[in-house]
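See structure below.
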Amino acid sequence: MGSSTGMLFLLALAVVILCVGLFIGYWLGSRSRAADRRAAQQSAAGREQQLNVEVLTSADSQSGQSADIPPKPRAAVIINPIKDVTGDFASVASAVCRQEGWQPPLVIETTEDDPGEAMARKALDAGVDLVVAAGGDGTVRAAAEVLAGTDTPMGIIPMGTGNLLARNIGLPLDRQEWAMRIALWGQDKPIDIGHAQTAPDGEDYAFLVMAGLGFDAAVMADTDSDLKSKVGWLAYFEAGARKLVGSPTRVTITVDGVQALRAKVRSVVGGNCGKIQGGIVLMPEADITDGILDLLVVAPKNALQWIGVAASVFSRQKRKGLHTQILRGESVVIECEEEIDMQLDGDPLGETNYLAMQVEHHGLIVRTPTREQTRLIRQEGWPLPVA
């Protein structure tokens, strides 16, 4: 490597290391929260249900007749046992359901061979009122593939490193009992679901947040799992520093049937929503409910130009930044001159030279925090953790 190239690489690497330091400081600072001020109280929905039962009981005692009380609702909880590091979420879910007036949940564990699809089908066959995906982004995506197009809502218990969809819909990432109560009593929100194929008329894969080709997928594939278990999502920065210098790939991008771009790029990411780890927003205009995919094209020509990419991302450039560009449409086809890495919601799927994406408008119902629940989360005023 020549001296000038070496200097550019060292400068770019220094910028990456600086970014990592800033995020570490931000991450540690966010951990030093004020002490919990959570009052020992039932949730508003639980109190309302208890009050309704009391009213019915009072009316029955006065009239001497028995009223038809509808059966308690029931949830299925799909748990990834690898992500459930404490091994007791099934007990937490059962206790929360009992406190909130629900039946004991149907608990189903995922397996190494199946991240959740067969489990979600079993839950639907059991006729449950709600399916809760407790795990990482892979578990959530697998359950969503089955629940898409049905009337059964999906709750989410974030247990992974990325927790990308949970971040984008405002779920608490470090309070499982809070997330469970939101799953039971949150508001139903129809969201878009992305579909991807790696060949024309090929197998369909669902994604909820982002699908990408190139640099981002290579980082996901090469992130050290042991380091990720120790420092969480910051491990991606270490992998990113190693993948910073690389060769661009010529791609042809077609949006809604019209060729939109032909260029050499390092990465192309299709986003159903825009927020990733560390509060970074890759696509500021991306909306998970608008029926449109935002497509981020990253095309630095050398290591130094990654500084411009970082500046564009951190300043939240909406359409055109330094060595970045955002396209929008309902369907996208990306054709590459060579096979490159691919990822769906942070899960690497190998290499491909073709990626088609479409968005299914309001294809999935998820449980999101109500305004009151969001207020309680911000004030840390939720009920005490379950026993």
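Figures for the structure shown
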{"quantity": "Per residue accessible area in Å² of the stretch 257-371, where ligands, DNA and RNA are left out and the probe is 1.4 Å", "calculated": "43"}
{"quantity": "Amide H contacts of Ala260 (H built 1.01 Å from N, under 5 Å, at least 5 apart or other chain)", "calculated": "Ile253, Thr254, Val255"}
{"quantity": "Sites Asp222 and Ile69, calculated FRET efficiency, Cβ-Cβ separation with R0 41 Å, nearest 0.05", "calculated": "0.15"}
{"quantity": "For Val265, distant residues with modelled amide H under 5 Å away", "calculated": "Thr249, Arg250, Val251"}
{"quantity": "Among 266-277, 68-79, the order from most to least packed when residues are scored by Cβ within 10 Å on average", "calculated": "266-277, 68-79"}
{"quantity": "Per residue accessible area in Å² of the stretch 121-217, where ligands, DNA and RNA are left out and the probe is 1.4 Å", "calculated": "30"}
{"quantity": "Protection proxy ranking of 209-218, 362-371 - average other beta-carbon atoms within 10 Å, highest first", "calculated": "209-218, 362-371"}
{"quantity": "Inter-label distance, nm, simple model (7 Å from Cα along the C-beta direction), Thr150/Thr374", "calculated": "2.8"}
{"quantity": "Cut-off under 5 Å, modelled amide H: who pairs with Gly155 long-range", "calculated": "Val131, Val132, Ala133, Arg367"}
{"quantity": "Point-to-point label distance, Ala118-Glu339, nm (Cα→Cβ direction, 7 Å offset)", "calculated": "2.8"}
{"quantity": "Label-point gap, in nm, between Arg98 and Ser247 - each point 7 angstrom along Cα→Cβ", "calculated": "6.2"}
{"quantity": "Part-to-part distance (alpha-carbon centres) for the stretch 249-276 and the stretch 283-337, which is given in Å", "calculated": "8"}
{"quantity": "14 Å beta-carbon shell around Thr111, net charge (K/R +1, D/E -1)", "calculated": "-3"}
{"quantity": "Packing rank of 180-187, 194-201, where each peptide gets the mean count of other beta carbons within 10 Å, highest leading", "calculated": "180-187, 194-201"}
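The values are calculated or read from the model by the stated rules, or taken from the named source; none is laboratory data. As the structure is a prediction and not an experimental result, all values here were calculated from the model. Neighbour counts run over all protein chains shown; Cβ positions are idealised from the backbone, glycine included. Just the protein is used for accessible areas: all its heavy atoms, side chains included, with ligands, DNA and RNA removed. Shrake-Rupley method; radii C 1.70, N 1.55, O 1.52, S 1.80 Å.
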